[in-house]
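Values quoted throughout were computed directly from the atomic coordinates according to the rules given, and no laboratory measurement underlies them. Please read all numbers here as calculations on a predicted model, not as lab measurements. With ideal geometry, Cβ positions are generated from the backbone for all residues, glycine too; neighbour counts draw on all protein chains shown.
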Amino acid sequence: MDVKGVLGSISFDGEWITITKTPVGPRPAPVRIRAADVTGTRYKEGTRLMHGYVQFVLPGSVAAAEKGGVLAAGRPPYEDPHSLSVPRKSNDAAAKLVAAVEQARASR
């Protein structure tokens, strides 16, 4: 299951979530998160005017807050390794991915 985001993508194989971001500056490595380790998910749908986001919360970490401003308002910063901005056209795929991760979390 794959979601095409803004400057990256998220894939989920039933056990592992992989967030791959398009490099801006130094090449970031993909972030792999085991679904069983996720303590919560945050999802905000994208609209015609604003991108949404998918964010995964892990134990011992605080979820990155939404940024303000004109260009990146309403979503976590690009530097947050556990989130990815999603365009409106990816809303359905993102919602399905979040539901699949939540189901994998519940069945552990």
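Close amide-amide hydrogen proximity is noted between Gly8 and Thr22, each under 5 Å apart and 5 or more residues distant or on a separate chain (H modeled in the peptide plane; Pro and chain starts excluded). Subtracting the Cα-Cα distance of Lys4 and Arg27 from 0.36 nm times their residue separation leaves 6.4 nm of extension gain. With each label modelled as a point 7 angstrom along the Cα→C-beta vector, the Asp92-Trp16 pair spans 2.9 nm. The 3J(HN,Hα) values that the Karplus relation (6.51, -1.76, 1.60; θ = phi - 60°) gives for the range 89-106 are, in residue order, 5, 9, 4, 5, 5, 5, 4, 5, 5, 4, 5, 5, 5, 4, 5, 5, 5, 5 Hz. Gly and Pro appear as x.
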